[in-house]
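Right, one structure below, let's go through it.
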């Protein structure tokens, strides 16, 4: 990462007077100057709305519209921090995100107003961007110049972005103006971003990926930005051509969704130069480059910025890459703190010594991690008395030093690059009147990350009704869009320890290969059906095709969760 000596406000100010196209959205184009002017007007408005002496935080509950980057710029100028609010959150959990970060202003749009119905948000001023009242309010601040508030410095908080934890309550990671500016400048150098480039932002701006890896380098280089309200695989190539996009970022399954679109003879006829992201998988990254002529650069970065792994040209299939220059990343046994031995593989690439080789990825060197908002316990979990940064993620390392991601070190489940807390999902599933006990955990996804699996013990004498269970899930307003279990295992009794704790490690290891009464819900469907031998064989073929067969253990009975059980 570059030197953290500049503020992000300076990057916003540098676009003042730049009348080149700066922000494109649908059929609208704003110049860099217009975006800077919009940020200045909103910063002036913030100065009047935010209370003196309180936390200068503004919540942004928006899709990727031009309002979002202008509010990011406004926060930089005003010395405020933007808390990106995830619109897939529901009810009390959504309210908690807003109140925990002490947002006194919440910027949203009419499409998201139903999410706020009935929520207790004391002292929060709500601004609805696509209304006449908002336009009238903002008009009073037109003509403001992008002068930064006195006291804005590299250490001024700029972002509060949520990352889930094992306790079930998302933590708000802090990113300062200096770190965001340095990250943008670093990526400009790494990818050779030019002022005539166009960055296509199709990942949600409430997520660190879109802001830190896509928007920030565009701002640092003076490149253009093109927005897509929400990611669309079918519209991706059309947008890229329409906007002349040369760079984009992705997380999770986005690349697989793009590969699932119908192939065309002119797929390679596009201006893209590079894509940067995580969890596409080596197999799909190669297919993407072959089909679209676009190189994907895979990397790993903890959400908090504490450790990073970058893919290089010599990275073997299945690996993430090596540590960045200057970093000291090791795989340690969390109990003994000893370095784990190198991974050993069979001829098919299956990990042979997972029990010894898998450990927690730890950064013993410099770490730009800046902490969590009002959560000292979570900070202490990451940065221990030795000063090292413990990622909470499981890895293994081969003899050449290449790092392989193996899963999460606690009970988190990572779906489409979002960490989900099983305890939260269990509390929802426990409402199912026919359930005596529920356990939720992750099993590996064939492409990347995890899939949600639940083990359910029905009340005595009650048979599991898959149709009724699916209908029950649809009625739970606080069940986020990625929380519904893909697999449901039905057991007579929940396996527990002597202290009555659920044996989640055992359940994860057995996964969907348990050989018992397992139901599954194919992607895009709401109805569960029984998982048979044919489907299991197809799953194994998919793992092999995606180069992740090593996660299935030595035998199918060992379970695909064996490598990520911890």
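The values are calculated or read from the model by the stated rules, or taken from the named source; none is laboratory data. The structure displayed is predicted, hence computed values, not measured ones. Heads up, the Cβs are rebuilt from the backbone with ideal geometry, glycines too, and the neighbour counts pull from every protein chain shown.
Residues are listed down the side, and each one gets a yes or a no for (1) within 23 Å of residue 81 (Cα to Cα); (2) at pLDDT below 95; (3) within 23 Å of the chain's Cα centre (by Cα):
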position	(1), (2), (3)
144	yes, no, no
157	yes, no, yes
160	yes, no, yes
170	yes, yes, yes
193	no, no, no
197	no, no, no
243	no, no, no
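The set of residues from the stretch 65-98 being buried (at least 22 other Cβ atoms within 10 Å of the Cβ) and outside any helix (DSSP H, G or I) comprises 79, 80, 81, 82, 83, 84, 85. Could you figure out which of (1) under 21 Å from residue 192 (Cα atoms); (2) without any contact (Cβ under 8 Å) to a residue 24 or more places away in the chain isn't true of residue 235? Going through the list (1) under 21 Å from residue 192 (Cα atoms); (2) without any contact (Cβ under 8 Å) to a residue 24 or more places away in the chain, residue 235 breaks only (1).
Among the listed residues 62, 113, identify the single one that is modelled with pLDDT of 95 or more and in contact with a helix residue (DSSP H, G or I) (Cβ under 6 Å, 6 or more places away or on another chain).
That would be 62, the only listed residue that is modelled with pLDDT of 95 or more and in contact with a helix residue (DSSP H, G or I) (Cβ under 6 Å, 6 or more places away or on another chain).
Yes or no: residue 73 touching a helix residue (DSSP H, G or I) at 6+ places or on another chain (Cβ under 6 Å), within 24 Å of residue 209 (Cα to Cα) and at pLDDT below 95? The answer is no for residue 73. Consider residue 132 carefully, then state whether it is more than 21 Å from residue 14 (Cα to Cα) and either assigned by TED's automatic domain parsing to the domain that holds residue 370 or more than 20 Å from the chain's Cα centre (by Cα) (or both). Considered against the rule, which asks whether it is more than 21 Å from residue 14 (Cα to Cα) and either assigned by TED's automatic domain parsing to the domain that holds residue 370 or more than 20 Å from the chain's Cα centre (by Cα) (or both), residue 132 comes out as yes. Take the residues in the stretch 311-323 that are modelled with pLDDT under 80 and crowded, with 18+ Cβ neighbours inside 10 Å; name whichever of them is farthest from residue 250 (Cα to Cα). Step by step, filter the stretch 311-323, then rank; the result is 318. Residues of the stretch 14-40 that are in contact with a helix residue (DSSP H, G or I) (Cβ under 7 Å, 6 or more places away or on another chain) and over 14 Å from residue 80 (Cα atoms): 15, 16, 17, 18, 19, 20, 22, 23, 24, 35, 36, 38.
Within the stretch 99-111, the set of residues being outside any helix (DSSP H, G or I) and over 23 Å from residue 151 (Cα atoms) comprises 106, 107, 108, 109.
Consider the stretch 256-298 and keep the residues that are without any contact (Cβ under 8 Å) to a residue 12 or more places away in the chain and more than 19 Å from residue 235 (Cα to Cα). The one that is surrounded by the most Cβ atoms within 10 Å (Cβ to Cβ) is 286.
Here residue 89 passes the criteria (1) within 22 Å of the chain's Cα centre (by Cα); (2) modelled with pLDDT of 95 or more except the one numbered (2).
Consider the stretch 1-39 and keep the residues that are assigned to a strand (DSSP E or B) and touching a residue at least 12 places away in the same chain (Cβ under 8 Å). The one that is surrounded by the fewest Cβ atoms within 10 Å (Cβ to Cβ) is 28. In summary, residue 344 fulfils each of the numbered conditions (1) over 16 Å from residue 406 (Cα atoms); (2) surrounded by fewer than 18 Cβ atoms within 10 Å (Cβ to Cβ) with the single exception of condition (1).
Tell me, yes or no, whether the stretch 140-148 has at least one residue that is touching a strand residue (DSSP E or B) at 6+ places or on another chain (Cβ under 6 Å) and either in contact (Cβ under 8 Å) with a residue 60 or more places away in the chain or in a loop (DSSP other than H, G, I, E, B) (or both).
no
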